[in-house]
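Notes to accompany the following structure.
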Amino acid sequence: MNDQPQTFSVEQTVAMIKPNRTITGMSAILLPFLENGDVDWESFANHTQRTFNAGLTPAVNMDTGYGNLIDEATRVKVLSTTQSIAAGKTYLAGAFVADSEGAAFNFEAYQRQLEQIQQFGATPIVFQSFGLAHQSDDQILSNYQAIANEVDRFYAFELGKMFAPFGNIFSLSLFGELMKIRQCIGAKHSSLRRDLEWERLRQRDQQRPDFQVLTGNDLAIDMVMYGSDYLLGLSTFCPDLFAQRDALWERGDAGFYQLNDTLQYLGHFAFRHPTSAYKHNAAMFLNGRGWIRSDMCHPKSPQRPSSDYAVLFEIGRQLGLEMKQP
């Protein structure tokens with residue numbers, strides 16, 4: 001299933017733009033921590049409710065929620081807290097299975113994750129692992145078909161190695177085969193490359209128009225112009241402004257561009273190398289907004305220098321937000 005890379009002209013990409021489209025926004029929820037290292041459950045609940053109120057769909061136990069670092073008890077409490085807040089509304093939860101390079105597909109571990117997520121009323125988004133995503137294309141497809149037999153609906157997830165060593169961006173042929181799985185209703189694409197995402201959008205439009213391509217490109221959040229929806233870590237900084245941006249696009253209001261540009265400035269700053277340290281910037285920014293009680297992140301997650309506060313404050317000011325002085 002090897003593919004030759006496709007190229008796009010300016011004319012082709014302009015033709016892909018879909019004005020006045022209703023954008024589906026999903027936001028990976030930051031799991032906030034207190035100064036003593038405990039999870040700040042009150043701030044987590046408030047932020048999850050705030051995300052629902054903005055009209056975005058929360059996604060919990062994602063990378064932004066330290067899904068690969070938290071223990072089982074924390075994972076379950078995140079699910080139970082979110083289910084209570086959701087009150088029947090749709091939300092997503094990450095199905096993460098830890099393994100090591102060369103491992104076989106651990107179907108039983110995924111099965112347990114999927115069962116747990118569905119118990120709490122969430123739709124699973126299936127994280128890659130070495131065993132799931134580092135096989136032949138035929139074997140990877142077979143693995144996803146086994147997952148599909150366990151659920152009514154789920155999202156796949158392509159993840160670049162800049163985010164995690166177990167990540168794998170699939171061949172376009174394999175992506176097309178995944179779209180044939182009825183229970184797979186969409187896929188988050190996190191290559192940070194426009195051309196690969198454009199390929200998937202073109203294939204989606206030809207093959208299965210109802211399939212959701214969720215951009216995970218925090219460096220190109222305007223991919224929504226071309227037909228992507230989104231599941232971003234960046235949107236956890238300001239779900240209210242992402243909802244405002246999306247509404248501007250639907251109305252055909254050119255104010256979309258100015259707001260999108262400033263949000264993108266925030267994305268380029270927060271998602272610089274090392275990429276995973278964006279979570280500390282998220283904690284800084286949300287604490288600066290007065291939305292969480294501390295700027296602490298998980299102790300095993302990389303941190304940013306305190307000098308970042310001044311830049312985040314300035315970006316917040318440009319966005320028209322009330323920010324605490326750094």
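The values are calculated or read from the model by the stated rules, or taken from the named source; none is laboratory data. Owing to the predicted nature of the structure, the values given are computational and were not obtained by experimental measurement. Virtual Cβ from ideal backbone geometry, glycine too; neighbours counted across all protein chains shown. All accessible areas refer to the heavy atoms of the entire protein, side chains included, with ligands and DNA or RNA removed. Shrake-Rupley method; radii C 1.70, N 1.55, O 1.52, S 1.80 Å.
Going through Ala247, Ala220, Ala270 one at a time, which residue ends up being hydrophobic (A, V, I, L, M, F, W, C) and open to solvent by 10 Å² or more (accessible area, probe 1.4 Å)? Steps first, answer last, please.
Values: Ala220 fails: open to solvent by 10 Å² or more (accessible area, probe 1.4 Å); Ala270 fails: open to solvent by 10 Å² or more (accessible area, probe 1.4 Å).
Unique residue meeting the criteria: Ala247.
I need a count of the residues in the stretch 220-234 that are out of contact with any Ser or Thr (no Cβ under 9 Å at 6 or more places or on another chain) and not in a helix (DSSP H, G or I).
Looking only at that region, the number is 2.
If we keep just the residues of the stretch 151-164 that are open to solvent by 70 Å² or more (accessible area, probe 1.4 Å) and touching a residue at least 24 places away in the same chain (Cβ under 8 Å), which is farthest from Tyr230 (Cα to Cα)? Before you say what the answer is, go through the steps one by one.
At the first step, the residues of the stretch 151-164 found to be open to solvent by 70 Å² or more (accessible area, probe 1.4 Å) are 152-153, 161-162.
After this cut, where a residue has to be touching a residue at least 24 places away in the same chain (Cβ under 8 Å) as well, the list is 152-153, 162.
Details: Asp152: 21, Arg153: 18, Met162: 19 Å.
Among residues in the stretch 151-164 that are open to solvent by 70 Å² or more (accessible area, probe 1.4 Å) and touching a residue at least 24 places away in the same chain (Cβ under 8 Å), the one farthest from Tyr230 (Cα to Cα) is Asp152.
Search the stretch 87-96 for residues being in contact with a helix residue (DSSP H, G or I) (Cβ under 7 Å, 6 or more places away or on another chain) and open to solvent by less than 10 Å² (accessible area, probe 1.4 Å), and hand back the single one that is farthest from Tyr144 (Cα to Cα).
The qualifying residue farthest from Tyr144 (Cα to Cα) is Tyr91.
Check Ser100 against each of (1) open to solvent by 10 Å² or more (accessible area, probe 1.4 Å); (2) among the small types (Gly, Ala, Ser); (3) closer than 26 Å to Asp38 by Cβ and name the one condition it does not meet.
(3)
With respect to Ser276, determine if the residue is open to solvent by less than 10 Å² (accessible area, probe 1.4 Å), in contact (Cβ under 8 Å) with a residue 12 or more places away in the chain, assigned to a helix (DSSP H, G or I) and in contact with a helix residue (DSSP H, G or I) (Cβ under 8 Å, 6 or more places away or on another chain). It would help to see each step written out before you state the result.
Details: open to solvent by less than 10 Å² (accessible area, probe 1.4 Å): no; in contact (Cβ under 8 Å) with a residue 12 or more places away in the chain: yes; assigned to a helix (DSSP H, G or I): yes; in contact with a helix residue (DSSP H, G or I) (Cβ under 8 Å, 6 or more places away or on another chain): yes.
Spelling it out, it is not the case that Ser276 is open to solvent by less than 10 Å² (accessible area, probe 1.4 Å), in contact (Cβ under 8 Å) with a residue 12 or more places away in the chain, assigned to a helix (DSSP H, G or I) and in contact with a helix residue (DSSP H, G or I) (Cβ under 8 Å, 6 or more places away or on another chain).
Tell me, which residue of the stretch 48-65 that is of a type in the set (Gly, Ala, Ser) and farther than 11 Å from Ala93 by Cβ is most open to solvent (accessible area, probe 1.4 Å)?
First pass over the stretch 48-65, keeping only residues of a type in the set (Gly, Ala, Ser): 54-55, 59, 65.
When the remaining residues are screened for being farther than 11 Å from Ala93 by Cβ, the result is 54-55.
Details: Ala54: 33, Gly55: 60 Å².
Among residues in the stretch 48-65 that are of a type in the set (Gly, Ala, Ser) and farther than 11 Å from Ala93 by Cβ, the one most open to solvent (accessible area, probe 1.4 Å) is Gly55.
Looking at the stretch 155-203, which of the residues that are touching an Asp or Glu at 6+ places or on another chain (Cβ under 9 Å) and part of a helix (DSSP H, G or I) is farthest from Ser100 (Cα to Cα)? Break it down into steps so the answer makes sense when it comes.
At the first step, the residues of the stretch 155-203 found to be touching an Asp or Glu at 6+ places or on another chain (Cβ under 9 Å) are 159, 163-175, 177, 183, 185-192, 196, 199-200.
From what is left, the residues that are part of a helix (DSSP H, G or I) are 172-175, 177, 196, 199-200.
Details: Leu172: 25, Ser173: 26, Leu174: 23, Phe175: 24, Glu177: 26, Leu196: 27, Glu199: 30, Arg200: 28 Å.
Only one residue tops the list, namely Glu199.
Six or more apart or on different chains, Cβ atoms under 7 Å: show the pairs whose first residue is in the stretch 34-47 and open to solvent by 50 Å² or more (accessible area, probe 1.4 Å) and whose second is assigned to a helix (DSSP H, G or I).
Trp41/Thr81
Would you be able to tell me the number of residues in the stretch 182-233 that are without any contact (Cβ under 8 Å) to a residue 60 or more places away in the chain, small (Gly, Ala, Ser) and over 20 Å from Ala270 (Cα atoms)?
3
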